[in-house]
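Asker: Before I ask anything, here is the structure I am working with.
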Amino acid sequence: MGQKVTNKEYFKIVLVLGALCTISPFSIDMYLPAFPAMSKDLGTSIANIQLSLTAYLVGIAIGQLFYGPLLDKFGRKKPLYVGLGIYVIASIGCAFTDSVNTLIIMRFLQAVGGCAGMVAAQAMVRDIFPITKTAQVLALLTLVIAVSPMIAPTLGGFLTAYYEWHWVFIVLALLTIIIWMAVIWVLPDGANPDKMVSLRPKQVWKNYILVMQNRQFLVYMLAGGLAGAAPFAYIAGSADVFMNIYGLSETQYGWIFAVLAFAMIGSTQLNHLLLRRFSSQQIINFSLHYQVAVGLALVFGIYFQWLDVGSLLVLMFIFLTAHGLNGPNTAALSMAPFSRNAGSASAILGSIRMAFGGLASAGVSFFHDGTSLPMVSGMAACALAGFIVLKMDQNITGTISKIYKKEAVAS
């Protein structure tokens with residue numbers, strides 16, 4: 001599958017698909033500098049505010065499973081419009097909440113709506129572009145996504161410092177309305193609605209089981225999902241680590257977040273170049289090796305108090321470069337076997353990734369001890385788990401090149 005797209009259309013489509021994928025990163029990152037202000041205003045602890053982040057990740061994990069069959073049944077755009085509408089309403093609810101419990105509920109609903117963009121974007125990449133280009137397109141989407149942590153915390157810190165944290169959610173609602181309009185005007189429809197797809201729970205479950213039985217999908221979904229949960233451990237603990245432990249301001253934290261986000265941006269661009277000479281499997285194998293090594297260095301460095309804030313940032317920068325290499329390549333290899341069930345495959349892929357991210361986030365909150373150790377331990381554990389899964393099933397890599405050759409001839 002794949003459509004002929006001009007260079008001008010290519011740029012616009014990738015930009016809008018990337019914007020859809022940034023809804024959740026902005027929702028996660030933009031309010032991080034507001035954690036101390038929110039805990040004070042709502043009369044609760046930082047740990048409880050962190051639970052609103054966990055609720056968002058759980059909402060994404062659950063919501064994506066519903067959008068998969070809806071995107072296959074009704075086409076890509078109608079379910080997407082509904083999801084974006086839910087997101088906007090929930091964002092306004094977050095802005096005007098007066099309790100942490102209501103905030104947690106609204107964040108869950110916000111995630112259920114916003115995750116439609118993530119699922120639809122990945123499925124439409126498979127619809128619009130030939131499989132030989134999907135890794136490159138996904139790398140570009142990762143680049144667009146990676147820019148959001150450079151902008152979101154800085155913007156959130158500015159809004160919190162000069163206005164108040166409520167404006168973070170109002171701005172999120174306004175940005176999503178703009179993206180909604182771009183979807184209407186720019187994006188092609190993607191795959192046609194498939195009336196043969198059943199929405200009965202039993203049949204939906206059978207479709208998911210069918211997708212999960214694909215060995216290639218399962219291996220790279222698990223390896224990418226586990227390793228990809230590492231940034232969520234970092235996100236969950238970073239506000240407390242840098243602002244409470246190291247005493248940095250909201251603005252300084254926003255700049256540090258931006259610098260660390262650049263690690264993913266640079267590696268995404270490097271990935272785009274590496275794909276011309278190396279296969280996705282080779283890139284994943286290399287990046288997971290060095291990510292595990294750096295993760296262990298972080299754990300031992302914090303445990304033995306060898307690291308100050310500067311050396312901590314350097315190691316975290318190196319660690320996060322692997323995310324820009326792992327993410328697009330594991331996603332491309334996971335989605336490669338599917339065309340008809342691309343929506344369901346995309347839903348499972350995104351759901352599992354966010355479920356792992358939610359567990360990593362909750363783990364950092366649960367083991368909170370006033371040090372950096374829960375954050376860096378969570379990061380290292382995620383990378384190690386992804387590495388182990390990949391090493392447990394290396395035989396699959398021999399079949400992937402055949403799939404690529406077959407798809408290249410068909411397209």
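Asker: Which label belongs to the value computed from this structure, given these candidates for P(r) over Cα pairs in 10 Å bins from 0, in percent: (1) 4, 17, 23, 20, 16, 12, 6, 2, 0; (2) 5, 22, 28, 23, 15, 6, 1; (3) 5, 24, 35, 25, 10, 1, 0?
Answerer: Here P(r) over Cα pairs in 10 Å bins from 0, in percent agrees with entry (3).
Asker: Trypsin sites (Lys or Arg not before Pro), restricted to region 167-245: which are DSSP loop and have at most 14 other Cβ atoms within 10 Å?
Answerer: Lys195
Asker: Output ³J(HN,Hα) for region 223-234: one whole-Hz value per residue in order, computed from phi by the Karplus curve 6.51 cos²θ - 1.76 cosθ + 1.60 with θ = phi - 60°, and x for Gly and Pro.
Answerer: 4, x, x, 5, 5, x, 7, 4, x, 6, 5, 5
Asker: For region 115-250, would you read off the P(r) tail past 21 Å as a percentage of all alpha carbon pairs? Each step should come with its number before you reach the end.
Answerer: Working: 5676 of 9180 pairs.
For region 115-250, the fraction of Cα-Cα distances above 21 Å is 62 percent.
Asker: Still on this structure, I have one more. Calculate, for region 139-259, the solvent-accessible area per residue in square angstrom, rolling a 1.4 angstrom probe over the heavy atoms of the protein chains.
Answerer: Per-residue value: 47 Å².
Asker: On to the next question. What percentage of the solvent-accessible surface of region 191-266, computed with a 1.4 Å probe over protein heavy atoms, is contributed by carbon and sulfur atoms?
Answerer: 64 percent
Asker: At 1.4 Å probe size, with every protein chain present, just tell me what the per residue accessible area of region 82-131 comes to in Å².
Answerer: 28 Å²
Asker: With a 1.4 Å probe and all protein chains left in place, how much of the accessible area of region 7-149 comes from carbon and sulfur atoms, in whole percent?
Answerer: 72 percent
The values are calculated or read from the model by the stated rules, or taken from the named source; none is laboratory data. No experiment lies behind these values; they were computed from the predicted model shown. Heads up, the Cβs are rebuilt from the backbone with ideal geometry, glycines too, and the neighbour counts pull from every protein chain shown. Just the protein is used for accessible areas: all its heavy atoms, side chains included, with ligands, DNA and RNA removed. Shrake-Rupley method; radii C 1.70, N 1.55, O 1.52, S 1.80 Å.
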